[in-house]
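Here's the structure we're looking at; comments come further down.
FYI, it's all coordinate maths here, none of it is from the lab. Note that the structure is a prediction, hence the values are computed from the model and not measured. Positions of Cβ are generated from backbone atoms using ideal geometry, with glycine treated the same way; all protein chains shown enter the neighbour counts.
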Amino acid sequence: QNWSTNVFNLVTKRALAYGDATMEWVDGNLGSQITMKYPSVYLMEPGAKGDVLSVAFAGKGQHQDAGGKMIHVAPNTTSTITSKSISKGGGRTSYRGHIKMYPDAKNSKSFVKCDALLLDDASRSDTYPYNDVDAENVTLGHEATVSKVSDEQLFYLMSRGITRSEAETMIVNGFIEPFTKELPLEYAVELNRLIQLEMEGSVG
């Protein structure tokens, strides 16, 4: 979703997955002044699987608060949340996730991975994981990283005749590549175009 920067984007997305069903949320967040969006999947019967794949870009004056919720109700259910966020020009991104495993959700598995990329010292990224496990014999993993575009990376690319802006865009495109490769081609092309416009400050 690509909103004007005066929009407050407050969203509820919820799905129920029953026996051996797979539900996948693919979520891109650009624009808006504030976004609060946490797609959820309720895993209701054995064999159900839920995936959330999310990317967010926050520029000047923006706060992208995104993530996902996986609610394991039944045994032998699996879920993954993969979140990528980019902050530039003092923008702020937040990952907010909730993994709940009810007592009957034995032998279930969940893995969360959230990566944040900061393009300058004024930008900010926060992570707020909430894991609530009441079941036995479950597997739950959480991994979070925050990285910053280094002067060495920029110097290397700029020494090859690439401008600083182009170099930053290349680094960002590499960072979100695991997200874009999951998209149909036409959506991946559009997302890369919007990211480039965000990098140039032309969106909204």
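Brief remarks on what is shown
- Restricting attention to the stretch 1-48, the residues that are exposed (fewer than 14 other Cβ atoms within 10 Å of the Cβ) and in contact with a helix residue (DSSP H, G or I) (Cβ under 8 Å, 6 or more places away or on another chain) total 0.
- Unmet criterion (only one of (1) among the charged types (D, E, K, R); (2) surrounded by fewer than 24 Cβ atoms within 10 Å (Cβ to Cβ); (3) part of a strand (DSSP E or B)) for LYS60: (3)
- Residues of the stretch 12-32 satisfying the condition of being of a type in the set (Val, Ile, Thr) and within 15 Å of the chain's Cα centre (by Cα): VAL26
- Which numbered condition PRO46 misses (of (1) in contact with a Leu (Cβ under 6 Å, 6 or more places away or on another chain); (2) part of a loop (DSSP other than H, G, I, E, B)): (1)
- All positions within the stretch 94-147 that are surrounded by 19 or more Cβ atoms within 10 Å (Cβ to Cβ), touching a Cys at 6+ places or on another chain (Cβ under 7 Å) and in contact (Cβ under 8 Å) with a residue 40 or more places away in the chain: TYR95
- Scanning the stretch 6-32 for residues that are in contact with a strand residue (DSSP E or B) (Cβ under 6 Å, 6 or more places away or on another chain) and either part of a loop (DSSP other than H, G, I, E, B) or small (Gly, Ala, Ser) (or both) gives ALA15, ALA17, GLY28, GLY31, SER32.
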